[in-house]
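Everything below concerns the one structure shown next.
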């Protein structure tokens, strides 16, 4: 049985991680090309690409969909404000960040 509704997106490097927004409209794609791309799945278009400075190992949408947390192999995690299109906070870590999760109230990462 064939799977319908498959969409292909071209990325500059190997894809490492994916995360759906809460409303399933947006897909965040982290890759080894040191970017996170946000795709609108209703229009099948990339709506934003964020440079991260290092290979991306993890992405996670906040429950409010206001932020995306990004984990990299450069011993830091970043919080991007989706609407503003910029980093609002960097978090130093002891090693690569391979997984991220937000609390349901967006208070904790």
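The values are calculated or read from the model by the stated rules, or taken from the named source; none is laboratory data. In this text the structure is predicted, and so the values were computed from the model without any measurement. Ideal geometry is used to build each Cβ from the backbone, glycine not excepted, and the neighbour counts take in all protein chains shown.
Can you pull out the residues in region 1-31 that are in a strand (DSSP E or B) and modelled with pLDDT of 90 or more? Correct list: 16, 17, 18, 19, 20, 26, 27, 28, 29, 30, 31.
Taking the conditions exactly as written (touching a strand residue (DSSP E or B) at 6+ places or on another chain (Cβ under 9 Å), at pLDDT 95 or above and surrounded by 13 or more Cβ atoms within 10 Å (Cβ to Cβ)), does residue 54 satisfy them or not? So residue 54 does not fit the description; no.
Matching residues to (1) under 12 Å from the mean Cα position of the chain (by Cα); (2) at pLDDT 95 or above; (3) surrounded by fewer than 20 Cβ atoms within 10 Å (Cβ to Cβ); (4) over 13 Å from residue 21 (Cα atoms):
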residue	(1), (2), (3), (4)
41	no, no, yes, no
48	yes, no, yes, yes
63	no, no, yes, no
68	yes, yes, no, no
73	no, no, yes, yes
76	no, no, yes, yes
84	no, no, yes, yes
90	no, no, yes, yes
95	no, no, yes, yes
